[in-house]
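Laboratory data are not the source of any read-out in this text; all were calculated from the coordinates shown. Just so it is clear, the structure is predicted and the values come from calculations on it, not from any experiment. In this analysis, Cβ positions are derived from the backbone assuming ideal geometry, glycine residues included, and neighbour counts consider all displayed protein chains.
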Amino acid sequence: MTALPRRRLEKVAINMTPMIDVVFQLMIFFMLTLNIIAPEGDFDIRMPLGKSAGQPSDDLQLPPIKVRLTAQADGSLAGIGMNGEPVSDFDDLRQRVAGIVDAAEASGAVAADVELELDCDYNLDYANVVSAITAVSGRVDDGRVIEMIKKITFAPPGTD
Amino acid sequence: MIRRSNGPATVENDMTPMIDVTFQLITFFMFVLNFSEAEQDERIQLPVSQLAKPAEGVLETPITMQLTADGGVLYAGEVVPVDQIDRPLQQEREIIEAAGKDPKQATVIVRADGRASTGDVQQVIRICQEEGFERFALRALYKPE
């Protein structure tokens, strides 16, 4: 058996160029596909069939607050009404609802039991409905969100 | 002191820190990549709200109803008129029931354009109710003031 010739130990240099190429390609791909979008959020509404006609969902002592949103011909907001009274804007609506919720809490009821029914014109822009729900479902106080009304229902469309 | 030379020395750049940083960057971009984009359609401009709370966790069996500004519902890549969505919803309900789940526990995510008619949104909700769905999530863009 012949002895194998002794080879000098050599440092194996790995060629890094293809890996760096691929890595940069990946980085550029992820950078280009990045699009920063505002996060989406939900308003959770539980609305079984037959509960949208304005009657309280259970043995409730508090009558529902009725908010009426009327539309102009182009779908923009014409006016807001609450329990038959005109309301100037959504801030005013928030304050009035806050007053009702505070009064309900003062009388021993739970604020979460207060129910609100939205009655909107058919052609009203949906953005106004979201503004109204935002106005009645909570208020921001010193950066904290104070929840107000959770039970929101829709009046059947087409009713007046 | 005599230093022994090991032959001609090759100058080698140490690539390790650069590769480390590059991998960090790739990881960052991978994480911020939004995978739920399939659900988001640029044809729909959601209304903005400062109180829309981002979903806590993953919704159980969500069904997304996307309503465009001109009153069509985007379903499986096609625009379906509002009054014809009962059939696809029926199929959705059958799929949910076949999986042994209750449609009442499923959440219908309503992604309606801010310019859509409220009446159309209500009609979508009514048809969903008739198919046995009870939970709705009205979706809006969250923008704190």
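Once R0 is set to 25 Å, what does the formula 1/(1 + (r/R0)^6) return for the Cβ-Cβ distance between A:Ser88 and B:Glu56, expressed as a FRET efficiency to the nearest 0.05? Between A:Ser88 and B:Glu56 the formula returns 0.10. Placing unit charges on the Cβ atoms only, positive for Lys and Arg and negative for Asp and Glu, gives region A:65-154 a dipole magnitude near 140 debye about its Cα centre. With only Cα atoms counted, chain B has Rg and Dmax values of 25.9, 94 Å.
Treating only the Cα positions of region A:65-154 as identical point scatterers, give the base-10 log of I(q)/I(0) from the Debye formula at each q in 0.19, 0.24 Å⁻¹. The computed values of log10 I(q)/I(0) come out as -0.83, -1.23. The mean number of Cβ atoms from other chains found within 10 Å of a Cβ in peptide B:21-33 is 4, as a whole number.
Net length available on complete extension from B:Thr27 to B:Glu42 is 2.7 nm, with 0.36 nm assigned per residue and the Cα-Cα distance removed.
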